[in-house]
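The values are calculated or read from the model by the stated rules, or taken from the named source; none is laboratory data. What you are looking at is a predicted structure, and each value in this text was computed from that prediction instead of being measured. Positions of Cβ are generated from backbone atoms using ideal geometry, with glycine treated the same way; all protein chains shown enter the neighbour counts.
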Amino acid sequence: MNLQEAILDHATVEGSIVRVDGFLNHRVDPQVIADVGARIADWLVDRQPDVLLTAEASGLPPTAVASQILGLPYIYAKKYVGPGERYTFAREISSPTKGIEYRVEVARHVLAPAMRVAIIDDFLAGGRTAAALVEIAEEAGCTVVGAAFAIEKAMAGGRILLEDRRVDVYAVEIIESIENGIVRLAD
């Protein structure tokens, strides 16, 4: 099963939220994640990243597969709720899905200036997490070579947020609309 089939056959809709936790980001279907990781790796190969950057936990499966295919290391930003006094690059993020504020952090010693960084995550909606990862990479002196996602919710504006920061964006599948609980994918 590929990602498109999984979305159409198994995703559920709760209001404006598309739940893909039965095959992508909680319970992970190995066929689906292999398809996603391979397609992301194909898109990234010509961008020549040195390292892949994601956020725990949902970004880990597609990043791990793309990392293995590309033969590159990956870094995951850790998520924390509450204050932190660690020596990190960090950004605060609001999560509309979870209804909380949290912080993503990357230890300063794992990102070196001049690294070419690709951002990967499971879902692009409003783009807050991806934008925070871009800011972290840039603060570390790195160049962001692109951002890739398993699924993009086109109507949520995340692509515009990233493209305004001059980041190329790729999504394996794009949700064009949600009408009466039915997900419509782009061609």
For this session: Return yes when THR54 is assigned to a helix (DSSP H, G or I), surrounded by 19 or more Cβ atoms within 10 Å (Cβ to Cβ) and touching a Ser or Thr at 6+ places or on another chain (Cβ under 8 Å) and no when it is not.
Result: no
Exercise. Of the residues PRO30, PRO61, which is under 29 Å from SER177 (Cα atoms), modelled with pLDDT of 95 or more and loosely packed, with under 13 Cβ neighbours inside 10 Å?
Worked result: PRO30
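Could you list, in sequence order, the residues of region 127-164 that are among the basic types (Lys, Arg) and either surrounded by fewer than 16 Cβ atoms within 10 Å (Cβ to Cβ) or part of a strand (DSSP E or B) (or both)?
LYS153
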Problem set entry | Residue match in region 98-107 (condition: part of a strand (DSSP E or B), of a type in the set (Gly, Ala, Ser) and within 23 Å of THR143 (Cβ to Cβ)) | yes
Exercise. In region 102-133, how many residues are closer than 15 Å to GLU56 by Cα and of a type outside the set (Gly, Ala, Ser)?
Worked result: 14
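So in region 165-185, with the set limited to residues that are assigned to a loop (DSSP other than H, G, I, E, B) and at pLDDT below 95, which one is nearest to VAL45 (Cα to Cα)?
For region 165-185, the residue satisfying everything is GLY181.
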For this session: Inspect all residues belonging to region 104-119 and state whether any of them is in contact (Cβ under 8 Å) with a residue 12 or more places away in the chain and under 12 Å from the mean Cα position of the chain (by Cα).
Result: yes
Exercise. Out of the residues in region 165-187 that are surrounded by fewer than 17 Cβ atoms within 10 Å (Cβ to Cβ) and acidic (Asp, Glu), which is farthest from GLY15 (Cα to Cα)?
Worked result: ASP168
For this session: State whether the residues of region 109-117 include one that is in a strand (DSSP E or B) and either farther than 22 Å from LEU24 by Cα or modelled with pLDDT of 95 or more (or both).
Result: yes
For this session: Tell me, yes or no, whether region 81-103 has at least one residue that is in contact with a Leu (Cβ under 6 Å, 6 or more places away or on another chain) and touching a residue at least 12 places away in the same chain (Cβ under 8 Å).
Result: no
For this session: Mind listing whichever residues of region 6-27 are surrounded by fewer than 14 Cβ atoms within 10 Å (Cβ to Cβ), in contact (Cβ under 8 Å) with a residue 24 or more places away in the chain and part of a helix (DSSP H, G or I)?
Result: LEU8
